[in-house]
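Below is one structure; the comments refer to it alone.
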Amino acid sequence: MNSGVVLYSGAESVLKKFQIQDKHSDTAVPCWFRCYCFLKRRYLYYGNIECYTDFVKKNYLIASVTFVVIFLSCSTAKCDEADTFSGTIDEPAELAIFRSAYPDVHFKSTYDESSADWLITIDVDSRTAELYWAGGRFLPAAQLENKDTYWTLLYHYAYDVPDPANFSAEEIQRIRNFSSPENRQNGAGTPPFFYDVVYDCATQQSVERHIVRHTFLGKSCNIHKRLQEPLNRVERRIRTLAETDSETAAFVAELSKTDGYVWRAIRDSSRRSFHSIGIAIDVLPRGWGQKNLYWAWRRDIDPDNWMLLPLEKRWMPPQAVIAIFESEGFIWGGKWIIWDNMHFEYHPELIAYRAYTER
């Protein structure tokens, strides 16, 4: 028997029992096939198989185990149909967070040597876009030179509300600088390109094809249709909890209105609000105009020290309600330094990222 056949047969006899999930695709790829690709290219194509022949003939099972170790120590970059194997560069691990957060969106990664970055092809519904990873920013090629003007999409979403009682003088000054109109107008911001393809929201005309009227806790608002199911789950759980929890029942009873989609920019900024996508919802209680709900409204009253307003003087939804929203993929604006306590925003990637970074 040809030594190469013995080698591949020995490897297959051990490895074909195992399947691993290819993190570069949506399908399970047999690891024996990966090893086959690796061996075929590394040893047959480069004429190095002879040095293994005698060993394989004597004990190909041991050789197979050896190749398991070789395989597991290499990258799991995918073998394509041409039996190629690339084990030098792994795709960004954080891309798996977006795959899990948006299971109906297909992500395909290809390493682009010319830009030394990963090109991510995103397919959802009938829309396709090619965006560069760019450190987690999802940028089109034309924006790569402006990378520093954008934040990464993944950031640490806090478990607890920042307490001004614990702010140092340096932190207070950083908050003042960050919240200044000059920084909000000219500083870095969230890149919109990933959301543009997922929600078809690059223009007002395109996004409004997906905006629907929705009733949440008895109050109507406009939202993106992708938000309907998550909000329905939130409502069912809140109503169930309200049957036994008086604080949650009071929250529902005192709800005055909800606001969702409106095409507008963020205050003090030229960048679009997530309300412009229809994935943000504001829940406003009765008498909301006389309550401390939003940092900028408080800044109008106390320009220098609005960030020092004690937590007990801010209106907040019950903690149980916040937890329900978060468990369904929403973040709450009350945990931001520039707080927005009426505001919930659908970002399942941030909830998943928090768990990923703290595991």
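The values are calculated or read from the model by the stated rules, or taken from the named source; none is laboratory data. On a predicted model such as this, the values are computed, not experimentally measured, just so you know. Don't worry about glycine lacking a Cβ; one is built from the backbone with ideal geometry, like all the others, and counts go over all protein chains shown. Heads up: the accessible areas ignore ligands, DNA and RNA and are worked out on the full protein's heavy atoms, side chains in. Shrake-Rupley method; radii C 1.70, N 1.55, O 1.52, S 1.80 Å.
Observations on the structure shown:
- Carbon plus sulfur fraction of accessible area for the range 223-359, probe 1.4 Å, in percent: 49
- Its Cα centre serving as origin, the range 189-260 has a Cβ charge dipole (Lys and Arg +1, Asp and Glu -1) of approximately 240 debye.
- The trypsin sites (Lys or Arg not before Pro) of the range 191-285 meeting both criteria, a DSSP state outside H, G, I, E and B (loop) and at most 11 other C-beta atoms within 10 angstrom of the site's C-beta, are R209, R264.
- Added length on full extension, which subtracts the Cα-Cα distance from 0.36 nm per residue, D300 to K147: 51.8 nm
- For the range 152-161, the Karplus equation 6.51 cos²θ - 1.76 cosθ + 1.60, evaluated at θ = phi - 60°, returns couplings of 6, 6, 9, 9, 6, 8, 5, 7, 10, 6 Hz by residue, with Gly and Pro reported as x.
- Simple spin-label estimate for D90 and I172 in nanometres, 7 Å along Cα-Cβ: 4.5
- Label sites at D259 and D104, each approximated as a point 7 angstrom past Cα along Cα to Cβ, lie 2.8 nm apart.
- Both the radius of gyration and Dmax for the range 184-252 are 16.6, 48 Å, in that order, over alpha-carbon atoms.
- Net length gained if the chain between Y155 and V212 were fully extended (0.36 nm per residue, minus Cα distance): 17.6 nm
- For the range 300-359, GluC sites (Glu not before Pro) are listed when DSSP marks them as loop and at most 10 other Cβ atoms sit within 10 Å of their Cβ; the list is E358.
- Note, ³J(HN,Hα) from phi for the range 305-321, Karplus 6.51, -1.76, 1.60, rounded to Hz, x at Gly and Pro: 10, 4, 6, 8, 4, x, 4, 5, 9, 9, 6, 9, x, x, 4, 5, 5
- Virtual spin-label span in nm between S126 and R271, 7 Å along Cα→Cβ: 3.2
- In sequence order, the range 135-145 has phi-based couplings of x, x, 9, 6, 10, x, 4, 5, 9, 4, 5 Hz under the Karplus curve 6.51 cos²θ - 1.76 cosθ + 1.60, θ = phi - 60°, and Gly or Pro positions carry x.
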